[in-house]
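The next block holds one structure in the form of structure tokens; read it before the comments.
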Amino acid sequence: MNLIKRILGIVWIGLGIGAGIYLIYFQAVPLWAKGGNDLVPAIIYTFVLAPLISIGMSLFGFYSFQGEFDNI
Amino acid sequence: MTTKKQSLAYIISASSVGTLIEWYDFYIFGSLATVLSTKFFPTDNPTAAFLNTLATFAAGFVVRPFGALVFGRLGDLIGRKYTFMVTLMLMGGATFAIGLIPSYATIGAWAPILVLTLRLLQGLALGGEYGGAATYVAEHAPAERRGFFTSWIQTTATLGLVISLAVIMATRSSMSKEAFDEYGWRIPFLVSILMVLVSLLIRKNMEESPMFEKAKAEGNISKNPLKESFGNKLNLKYVLLALFGATMGQGLVWYTGQFYAQTFLLKICNLDDIQTNMILVIGLLLGTPLFVIFGALSDKIGRKGIMMAGMIIAVFSYRPIFDQMYKTVDVTNKTVVPGSEKMILQGKTTTVTKEFTDGSSYKNVITEVSLDKTESKISIKINEKDQWTLVAYVFFLISFVTMAYGPIAAFLVEMFPTKIRYTSMSLPYHIGNGVFGGLMPAIATFLVSNAQTAGVVQKPYLEGLNYPITLISVCVVIGIIYIKSAKKAA
């Protein structure tokens, strides 16, 4: 199980970075260009969801890869 | 023993009533968003319209984690009791003040700015309240029955929503539509202050949590809860695990089952608003006892299994349930009663009505906004049998909510030590519920709207579910692999 957790750590890091890129380039950027009320979801994607998911998941993955979650 | 039981019942009641009032205060804003937008955010002013969208969809939810940090820190420094008294006063004051703000027509741009500011204060207060109440009850409860006792706190969010809908429906039905639009909408905000005062009087007589008192007496109080909670790798990893392995999925199950069900029926299925609220209130009330049942069950078989089961069932059943809900309301395949179709022209408004052989009715009010733009408001009323079918679907959705949410307070409390518990459990809870969950109805509606415009998928009305299904699935994988399966995590 500990080996699985460590391997999954890399998956979570990749997922976090991938989700951040997807949310900013494919969701937020077109909305920034539209302007108006679409700025609200653009702000949410750029400043709330993307950093939260990418930084949070990457950190979680990093700890997992390091073995911080072994034997818990 | 009897005295102890009574005092525990008093502690749970006093804590729950306050938390319930905070949820009520928080939800009436959302439930009255349509009226508020016409009073404070006129659409002809783009800035006001922008603030409206921000206030309605995001601000109150996004700010909750900050409330968790501010009040969580206070709760770990000065105690649970005083902190959740402060959050209650803040929430009550902000809600009461919203009911007093003059309209945009009277004070101009100050109106949307004040509403947005007060909505932020509501979010901050809620961010501090829940962790305090859950911690307070958990620290009084015997360890082997913590799930059962904290589950009463878990019922308050649902009951707060039910009461907010009931107060709004009662106010609406007690006066004319014009009177409600004119001043009646302020009543649900103003009556909140009475409930808050009663709750403050009850909470004033409560004693501090015994675990916190003990830690304080032993000098084991954290000097810097924020640093110890998030600056320390040993604790931060548990905060991240709580977030990605539990509260993210739980928050999404909660908001999909309760709020998105409402948004889906109202905005995507175009079901009549009174009928939608009635269905929701009945479904919520029928489902509420399950919070306590699953909370108690978690004391016997463990928290993780129940929470994960709720999330897994939700992932696999969302699409079929929401699909059936849509088909129950959809009139495209129903037979029109011959001669029932009518069209009435009145100025720039055209009203189309139809009746169907199964007892459903359809009304579409088309208003000409400009030469090349019309606005359409469809409202469908369904028959009584279909109404009960929808109640059953809402009940199923709520039952998944109760599985994921019932044991979560006990689970989070057991994950962190007393001295930084309030801070550490509040943050993942409010990111999971406030951010991932709270933004869910708005994001899902946005995804459905995009799918309907693109027209490339067969069932665009289900596209909004991709957001919760994806994130809940990730949460389930993390929860199953990383979270300890013991009856008590710590």
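Here are a few things to note about the model shown:
- Residues of region B:228-272 buried by at least 50 Å² on assembly (accessible area, 1.4 Å probe, chain alone as reference): B:K233, B:K237, B:L240, B:F244
- Projected label distance in nm at B:S485 and B:K223, using a 7 Å step from Cα toward the beta-carbon: 4.3
- Accessible surface of region B:116-206, 1.4 Å probe, proportion on carbon and sulfur as whole %: 70
- Label-point gap, in nm, between B:L286 and B:K216 - each point 7 angstrom along Cα→Cβ: 4.6
- The protein assembly as shown: Rg to Rh, with Rh as the Kirkwood radius over Cα pairs: 0.97
- B versus A: buried accessible surface, summed, Å² (probe 1.4 Å, to nearest 100): 2600
- 5 angstrom amide H check on B:V337, placed H, neighbours 5+ away: B:E355, B:F356, B:T357
- Cross-link pairs beyond the 19 Å C-alpha cut-off, checked among B:K39/B:K363; B:K304/B:K419; B:K334/B:K385; B:K334/B:K354; B:K342/B:K377: B:K39/B:K363; B:K304/B:K419
- Cα centroid of region B:362-422 to Cα centroid of region B:265-337, whole Å: 8
- Remark: the B:L8-B:I107 segment gains 30.8 nm on full extension, using 0.36 nm per residue and subtracting the alpha carbon distance.
- Whole-number Å³ per residue for the convex hull built on Cα positions in region B:165-221: 115
- Extension gain, B:N333 to B:T367, is 9.7 nm, computed as 0.36 nm per intervening residue step minus the present C-alpha separation.
- Couplings 3J(HN,Hα) of region B:326-337, computed from phi: 4, 5, 5, 8, 3, 9, 4, 9, 8, 8, 6, 5 Hz, in residue order, whole Hz [Karplus 6.51 cos²θ - 1.76 cosθ + 1.60, θ = phi - 60°; x for Gly and Pro].
- Accessible area per residue in Å² at 1.4 Å probe, computed on chain A: 51
- For region B:236-356, the fraction of 1.4 Å probe accessible surface lying on carbon and sulfur atoms is 63 percent.
- Whole-number accessible area per residue in Å² for chain B, which is evaluated in the context of all protein chains at 1.4 Å: 40
- Ellipticity estimate at 222 nm from DSSP helix runs (n ≥ 4, -39,500 (n - 2.57)) divided over chain B, nearest 500: -21500 deg cm²/dmol
- Taking only Cα atoms of chain B, radius of gyration then Dmax in Å: 23.1, 81
- Bridges between two residues of chain B, per DSSP, are antiparallel at a rate of about 95%.
- Counting only Cα atoms, the size of region A:28-72 along its three principal axes is 50, 14, 9 Å, in decreasing order.
- Each 10 Å bin from zero up to the one holding the largest Cα-Cα distance in region B:215-286 carries the following percent of pairs: 17, 26, 19, 17, 17, 5.
- With all protein chains in place and a 1.4 Å probe, the accessible surface of chain A carries 75 percent carbon and sulfur.
- The calculated FRET efficiency for B:I202 paired with B:S174, based on their beta-carbon distance and R0 = 22 Å, is about 0.20.
- Mean residue ellipticity, 222 nm, helices only, chain A: the sum of -39500 (n - 2.57) across DSSP H runs of n ≥ 4, divided by residue count and rounded to 500, is -20500 deg cm²/dmol.
The values are calculated or read from the model by the stated rules, or taken from the named source; none is laboratory data. Nothing here was measured: the structure is a model prediction, and the numbers come from that model. When we count neighbours, we look across all protein chains shown, and the Cβ atoms used for this are built from the backbone with ideal geometry, even at glycine. These accessible areas exclude ligands, DNA and RNA; they are computed on the full protein's heavy atoms, side chains included. Shrake-Rupley method; radii C 1.70, N 1.55, O 1.52, S 1.80 Å.
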